[in-house]
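Read-outs throughout are calculated quantities, based only on the coordinates presented, and are distinct from any laboratory measurement. In this text the structure is predicted, and so the values were computed from the model without any measurement. Every residue, glycine as well, gets a Cβ built from its backbone with ideal geometry; the counts of neighbours run over all protein chains shown.
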Number of protein chains: 2
Amino acid sequence: MTDYALLLKASGLKATFQRMNLLERIEVHGHMSIDAMYEEVVKSHPSLSLATVYKNIILMVEKGVLVEVPITGKKSKYELLKEEHIHLVCTGCGEVEDKPKDSIADNLFTSITQQEDFMLNKQEINLYGTCKTCQVALAS
Amino acid sequence: MTDYALLLKASGLKATFQRMNLLERIEVHGHMSIDAMYEEVVKSHPSLSLATVYKNIILMVEKGVLVEVPITGKKSKYELLKEEHIHLVCTGCGEVEDKPKDSIADNLFTSITQQEDFMLNKQEINLYGTCKTCQVALAS
DNA sequence: CTCTGTGCAAAGCGTTTGCAAACGA
DNA sequence: TCGTTTGCAAACGCTTTGCACAGAG
C-alpha cells in the first residue's frame, strides 16, 4: 500500500484528508471515474464537495500522481501513475483490468515511431471486449 | 475517394447533404472533432445546426460508419471506419496520424487476451508524443 | 502565521431533446 | 406521399470559477 502523504509531498501538494482518501479509493479500485470517487469518499466525509474532487484530480494529473484513462464512448477514468501497461476494458460491465506490457510491444512501438521521427512519450493501449464474468452472464 | 451515398445507404441512412459533407470533411482531414466538422461544413451550408452534427455523428458511430478516437485530456475525434491501425497523437499540434498495425502487435494482443479469457473486440493503440514538425518548431 | 486547500453557489459550456417544417426516396 | 432528417431554441448536466473560511505545515 502506497504512502499517500509521501507521494503528495513529493509532488509539492499538501496531504489533505480529501486527497489521501481519493488516492486510497483509486488504488483499491484500480480505475475510477470522477463520480465514483465522489460517491465513495463522500461517505466518510459528507461535507466533501464535487468541485474539490475535480480540482484535485486535475491537479494530481498535472503533477503526474494520477493518469487519465480515456475510454471510447464513456467518461474517463483515473489511475495511479505506475509502469506502463495494457488496459482490458470490458464493454459489458465497464471494468478495466491491467495487464503488463511486455518488451515486445514496447520495442515494436518504439521502432514504428522512430521511422516517423516521432518523439514517443506515452503508449496507450486499450483492448475492448467482454470479460470472463460478462461472458458467463451473457451465456445464461 | 469513398462513395458516401452508397456507404450511408448500406447502413440504412439517407444520403443527406449534411451527412455527405461531414463524411467528406472527415475523410480529407483523417480525424476531426465535432467542432471542427461544424466549422468546416457550415461554410458551404450556413444553415447547418450544431445539433444536426451531433445527431449525425452519434448515429453514424452507432451504425459503424464512423469510429470515435478518444484522446487523453482532449475531446474525442472521429474517423471513417477502416482497417485497425495505430494512432500517433502529437501533443503539440494535436494532429493524429495513422500507421498500419502489423500482425506482430495483433498476435501479441490476441494472445494476451486469450490468457485472460477476455473476448477481444477492438484494439485501440494511441502513441502520444511530438511530431516531426513540432520538434523542429521547438528547436528554434 | 502564512499560504494552500476546501466548500458553496453561481456561471459556463458542451451536448441533448422536443417539435414543427423541410427533405429524401 | 411517408418516414426520416433538419434547424431552432430550450433544457440538461458536467465542469469550472470566485470567494470567504478552514486547515496543513
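Summary of values
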read-out: Other-chain or far-sequence residues with amide H under 5 Å of residue A:86's (modelled H); value: A:99, A:101
read-out: Antiparallel bridges, percent of DSSP beta bridges restricted to the protein assembly as shown (to nearest 5); value: 75
read-out: Other protein chain Cβ atoms within 10 Å, averaged over every residue that makes up A:126-138; value: 4
read-out: Lone cysteines, chain B (no partner Cβ under 4.7 Å); value: B:93, B:134
read-out: Charge dipole (debye, nearest 20) of the protein assembly as shown; +1 at Cβ of Lys and Arg, -1 at Cβ of Asp and Glu; value: 900
read-out: Globularity ratio of segment B:45-140, using Cα Rg and 2.2 N^0.38 Å; value: 1.36
read-out: Charge-dipole axis of segment A:58-140 as Lys and Arg at +1 and Asp and Glu at -1 on Cβ define it, positive-most pick from A:128, A:111, A:64; value: A:128
read-out: Chain B, relative contact order in percent, only Cα pairs under 8 angstrom and at least six apart counted; value: 19
read-out: Estimated distance in nm for a label pair at residue A:45 and residue A:138, the labels positioned 7 Å out from Cα along Cα-to-Cβ; value: 3.9
read-out: Per residue Cα convex hull volume in Å³ - calculated over the protein assembly as shown; value: 187
read-out: Net charge dipole size for segment A:1-135 [Lys, Arg +1 and Asp, Glu -1 on Cβ; Debye, nearest 20]; value: 520
read-out: Axis-nearest residue of A (beta carbon) for the A-onto-B rotation, whole Å; value: A:70, 2
read-out: Highest-MSF residue in chain A out of A:73, A:64, A:92 [GNM, Cα springs under 10 Å]; value: A:73
read-out: For residue A:98, inter-copy label distances in nm, listed shortest first [label point 7 Å out on the Cα-Cβ vector]; value: 3.3
read-out: Across the identical copies, how the residue B:121 labels are spaced - nm, sorted shortest first, 7 Å along Cα→Cβ; value: 3.1
read-out: Cα→Cβ-extended label distance, 7 Å offset, between residue A:17 and residue B:115, nm; value: 4.3
